[in-house]
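The structure appears right after this line, and notes come after that.
The values are calculated or read from the model by the stated rules, or taken from the named source; none is laboratory data. The shown structure was predicted, so the numbers you read here are calculated from the model rather than taken from an experiment. Please note: Cβ atoms are built from the backbone with ideal geometry, for glycine as well, and neighbour counts cover all protein chains shown.
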Amino acid sequence: MPGGGAVAPDRTGLTVLVLGCDGSWPGPGGAGSGYLVRSPGAAVLLDAGPGVLSNLQCLGDPTSLTAVVVSHAHPDHWSDLPVLATYVRLGLGRRELPVLAPADVPPRVPLGSSSPVVWDLVGDGDRRVVGDQVLTFSATDHPGTTLAVRVDGAGRSMGYSADSGPGWGLDRLGRGLDLALCEATFTVAEEGTARHLSGRQAGGLARRAGVGTLVVTHRWPTCDATVVRDEASAAFGGPVGQAVIGEELTV
């Protein structure tokens, strides 16, 4: 996998490494949602979709993961969590792996009695301190309880939309985010087919929230990445990035 660094905290500032970015299902050679957020005092995995653990190990053993966040109960955002838990317990010998998630996630995830996962249930408006990162959660417009998260660390701020329809906005995470990683699942032509955002909708939400840098993600593998990005850029009013596995984003 392209990219650099390690699983350990990043001593240089707040960074995000894309481990998986496909929406709803992984495309050929792809992976579901997974983003490693590193700061000088923490390494937090946002979501653990299919294929994320394999890409995580390309950086080295994930011995320094501080915590995992699971945004919601859809398996394309958590299906690698059971195997990550097995690896942490058997391969690394760790007794605990903190996992922050909405209350409807734990009943869906098959874990044995000896699992190292320690659940920390979070909801809309909750805040948690993980190392030197402050995580603030916001319920989005998506089936079940789905939580976007704002991460503040090393003097910078980033927002991760998780999954959402247009009934929620990035401004719920606070205006002026330095970086927003926002789902843009499909193009304008697919708007209304599912409770997700198009590139156009994601760009508009980011512009209204005063986001500094917008990177779109969670694209359906059957949708044209260039079209999604270009529609987002037109609505945002500036250049927009399209998440790619192995890409490291400096917040």
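Structure notes:
- Top-ranked residue of region 186-215 - restricted to ones that are surrounded by 16 or more Cβ atoms within 10 Å (Cβ to Cβ), among the β-branched types (Val, Ile, Thr) and touching a helix residue (DSSP H, G or I) at 6+ places or on another chain (Cβ under 8 Å), ranked as nearest to residue 148 (Cα to Cα): 211
- Residue pairs whose Cβ atoms lie under 7 Å apart, sitting 6 or more positions apart in sequence or on different chains, and linking a residue in region 193-216 that is modelled with pLDDT of 95 or more to a partner that is hydroxyl-bearing (Ser, Thr, Tyr), are 196/185; 197/164; 197/185; 198/187; 199/187; 203/233.
- Hits in region 112-139 (condition: in a strand (DSSP E or B), small (Gly, Ala, Ser) and in contact with a helix residue (DSSP H, G or I) (Cβ under 8 Å, 6 or more places away or on another chain)): 138
- Scanning region 224-251 for residues that are β-branched (Val, Ile, Thr) and either surrounded by 18 or more Cβ atoms within 10 Å (Cβ to Cβ) or in contact with a Leu (Cβ under 6 Å, 6 or more places away or on another chain) (or both) gives 228, 240, 245, 251.
- Test for residue 49: is it in a loop (DSSP other than H, G, I, E, B), touching a His at 6+ places or on another chain (Cβ under 6 Å) and not β-branched (Val, Ile, Thr): yes
- Candidate set: region 52-95, residues that are part of a loop (DSSP other than H, G, I, E, B) and of a type in the set (Val, Ile, Thr); chosen: the one modelled with the lowest pLDDT: 63
- Filter result (in contact with a strand residue (DSSP E or B) (Cβ under 9 Å, 6 or more places away or on another chain), among the β-branched types (Val, Ile, Thr) and over 23 Å from residue 160 (Cα atoms)) within region 63-110: 88
- Qualifying residue in region 112-129 (condition: surrounded by fewer than 20 Cβ atoms within 10 Å (Cβ to Cβ) and among the basic types (Lys, Arg)): yes
- Taking the numbered list (1) in a strand (DSSP E or B); (2) out of contact with any strand residue (DSSP E or B) (no Cβ under 6 Å at 6 or more places or on another chain); (3) surrounded by 20 or more Cβ atoms within 10 Å (Cβ to Cβ) in turn, residue 142 passes all entries but (1).
- The set of residues from region 39-50 being surrounded by 23 or more Cβ atoms within 10 Å (Cβ to Cβ), free of Cβ contacts under 8 Å to residues at least 60 places away in the same chain and not hydrophobic (A, V, I, L, M, F, W, C) comprises just one member, 49.
- Candidates 88, 109: the one that is in contact with a helix residue (DSSP H, G or I) (Cβ under 9 Å, 6 or more places away or on another chain), surrounded by 20 or more Cβ atoms within 10 Å (Cβ to Cβ) and not hydroxyl-bearing (Ser, Thr, Tyr) is 109.
- Conditions (1) assigned to a loop (DSSP other than H, G, I, E, B); (2) touching a Leu at 6+ places or on another chain (Cβ under 7 Å); (3) in contact (Cβ under 8 Å) with a residue 60 or more places away in the chain; number of the one not met by residue 221: (2)
- Counted residues, region 224-251 - those being in a loop (DSSP other than H, G, I, E, B) and either over 18 Å from the mean Cα position of the chain (by Cα) or not acidic (Asp, Glu) (or both): 10
- Note on region 186-200: residues that are among the polar types (S, T, N, Q) and under 16 Å from residue 234 (Cα atoms) total 2.
- Flag if residue 80 is of a type in the set (Asp, Glu), under 14 Å from the mean Cα position of the chain (by Cα), surrounded by fewer than 24 Cβ atoms within 10 Å (Cβ to Cβ) and closer than 29 Å to residue 185 by Cβ: no
- Matching option when the condition is under 30 Å from residue 228 (Cα atoms), touching a Pro at 6+ places or on another chain (Cβ under 9 Å) and of a type in the set (Asp, Glu), among 22, 10: 22
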